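Down below is the structure, laid out as structure tokens.
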Amino acid sequence: MEKYICDLCGYEYDPEVGDPDNGIAPGTKFEDLPSDWVCPLCGADKDSFSKE
């Protein structure tokens, strides 16, 4: 699974880890994140992320 990086703050979304603090289970692909999911560090939306 591909990792994605926030273009604004550098946060790395790793699908193997997910985002458990925000209810995203490990194994969740970036494409499968809810449309209202935002970067947990800076609040940027999914459009602000690029493939690593």
| task | Please enumerate the residues belonging to the stretch 43-52 that are over 8 Å from the mean Cα position of the chain (by Cα) and surrounded by 14 or more Cβ atoms within 10 Å (Cβ to Cβ). | result | 44, 48
| message | Name the residue that is most open to solvent (accessible area, probe 1.4 Å), counting only residues in the stretch 32-42 that are out of contact with any Asp or Glu (no Cβ under 9 Å at 6 or more places or on another chain) and among the hydrophobic types (A, V, I, L, M, F, W, C). | response | 41
| remark: Restricted to the stretch 12-31 and to residues being out of contact with any Pro (no Cβ under 7 Å at 6 or more places or on another chain) and under 16 Å from residue 51 (Cβ atoms), the residue most open to solvent (accessible area, probe 1.4 Å) is 31
| When only residues in the stretch 15-42 that are of a type in the set (Asp, Glu) and within 13 Å of residue 3 (Cβ to Cβ) count, which is farthest from the chain's Cα centre (by Cα)? | 16
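The values are calculated or read from the model by the stated rules, or taken from the named source; none is laboratory data. Since the model is a prediction, treat every value here as computed from it, not as a measurement. Cβ: placed from backbone, ideal geometry, glycine included. Neighbour counts: every protein chain shown. To get the accessible areas, we keep the full protein, side chains included, count just its heavy atoms, and leave off ligands, DNA and RNA. Shrake-Rupley method; radii C 1.70, N 1.55, O 1.52, S 1.80 Å.
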